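Read through the structure below, which is laid out as structure tokens, and then see the notes.
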């Protein structure tokens, strides 16, 4: 029988002690971590970057098919991705949660196992947070802090006309992974005896359940001495994100359908579900890849990377934001990314 | 008729634009605020202090008697209080919320009016956040950032034997304010035609609905060149907090009942409710005063302040954490502060 310890038996401070007992500190700048009113970070000669994201049960995640450890990992990673999208290196996080009494201590431990796994993987320090009960649902709020050399951060608003549009990794997989998980959930709800058929789709299910922040791309760009002219991460979907960069940079853009990086597993599953892989890549969201623009003269420095695709270029605002299809037709791009209020 | 704009009609980005349209920046260190993946803060030669708190509907607040503007103000202030409790000056906040569709845009505007009022009052900059829907309930997560001269932050664990225990302002009022509001809620639920009778208790109701962070005390201590040996804010209740300082400093303490600062309105309401004002001061919570210890030789520097009371002293751990009553009896102090899991 699985153990179940009620949170109430520990109280808030017992719970915090329990959840933070194995914290490891990775950054010399962590002067003071968990256990006081606030944490203290030393940042001499660097700029501090800070970002925060909320994840809400049944809005952002479904516990029917999301293991708590993966949820903890993903909650951290989506915030680190925002720090990377500023061309900064993540260093610290705070994690706050509110949960109903259906969660046991063992369940929270699983969640924090994922949090600590992400801290270990990205060498960031958990330095604080808050825990509370809720009447219904699991709420997660993570704040991530990172550092960047003075004025080396990259905004969304500074792309220039003629800049090349690049994206890391591949797109659309996370959405197709979600589609499989949702299908299996429906089958399970109709007949709980049926075993889930995940069709060995470990790649695209992994894209949904265990995304990564592209810190490796930030490090690669630094190594190659390329500073993107604009950058953001792909959380809502490529079409939504390129529209942000265009709007904030007051420019238009052209993307080429044939250049969009799509994993072969994603193509196959897309066809199986009757979903256009290009549409999944444009509107899917949750891939947590980096979308960035570079000066044309930097192109040669990045050609050796298999992890970076050039997918288009920036143009005058008046020319619009368009995609050129494989057939050579031009269509305007509209935001159909994920929306937390629909 | 009151206007009601559905959030869905704006979408997340429209909502963020709307809620942040009047942001004012108070700190030169705010290099980049709302509107990108992350905010950027410059902190040359200072240490960064960071703290986060979650507020959950029907756990931390009841919207039946909490005006949304006050809730926004309080959500910020309780976080700034944590920064002050580190002997630091708050500079930046992020505010994340999740809310169900019973909230209109006008309701969120009221909440943010309170957030901005607190930013204005304390000269802190709102630099980011996240918004999401929830299936049920209103969730608020605020992260506050502050700065302090290198190694001038004050922890809970560094009190010394013989140090004097001080507290700012007065205690117990916030709890009594809550007691009045809860009573009026019950009366209203039984008979919605009865008008609330707040008995002109503006002081203690204000203590509950619109607390302040004691930045003025931090500034006064700096002016008088007093660095507390340990400090924390009174959020859960004096008894809970002094036990934290004792545990973390590995010491005991003596408090004097007659020295506990209690406002005359709180004494009066306590008697009216049949509640011992001392018990309210010890266990009430939410007063957001500062509890701190000072070296005995610093005592003379603070005697002129009417806002600081000396309420006891630190002693050997073996002697315990006790209160000496007006009658001269000694009782051990036990934590009966507020608990988010009860």
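Things to note:
- Among the candidates A:17, A:37, residue that is modelled with pLDDT under 75 and either touching a helix residue (DSSP H, G or I) at 6+ places or on another chain (Cβ under 9 Å) or within 15 Å of residue B:248 (Cβ to Cβ) (or both): A:37
- When the residues of the range A:261-277 are filtered to those that are touching a residue at least 60 places away in the same chain (Cβ under 8 Å) and closer than 24 Å to residue A:322 by Cα, the one that is surrounded by the fewest Cβ atoms within 10 Å (Cβ to Cβ) is A:275.
- If you filter the range A:207-222 down to residues that are under 23 Å from residue A:160 (Cβ atoms) and surrounded by fewer than 21 Cβ atoms within 10 Å (Cβ to Cβ), you find that the one that is nearest to the chain's Cα centre (by Cα) is A:220.
- Condition met for residue B:108 (more than 30 Å from residue B:314 (Cα to Cα), surrounded by 24 or more Cβ atoms within 10 Å (Cβ to Cβ), modelled with pLDDT under 95 and more than 8 Å from chain A (Cβ to nearest Cβ)): no
- Per the conditions (1) within 12 Å of chain A (Cβ to nearest Cβ); (2) buried (at least 19 other Cβ atoms within 10 Å of the Cβ); (3) part of a helix (DSSP H, G or I); (4) in contact with a helix residue (DSSP H, G or I) (Cβ under 9 Å, 6 or more places away or on another chain), the sole criterion not satisfied by residue B:82 is (4).
- Test for residue B:201: is it surrounded by fewer than 23 Cβ atoms within 10 Å (Cβ to Cβ), within 28 Å of residue B:301 (Cβ to Cβ) and touching a residue at least 40 places away in the same chain (Cβ under 8 Å): no
- Here the helices (runs of 4 or more DSSP H) wholly within the range B:122-226 that include at least 2 residues being closer than 30 Å to residue B:43 by Cβ and more than 14 Å from every other protein chain (Cβ to nearest Cβ) are B:215-223.
The values are calculated or read from the model by the stated rules, or taken from the named source; none is laboratory data. Just so it is clear, the structure is predicted and the values come from calculations on it, not from any experiment. A quick note on method: Cβ atoms are made from the backbone with ideal geometry, for glycine too, and the neighbour counts reach across all protein chains shown.
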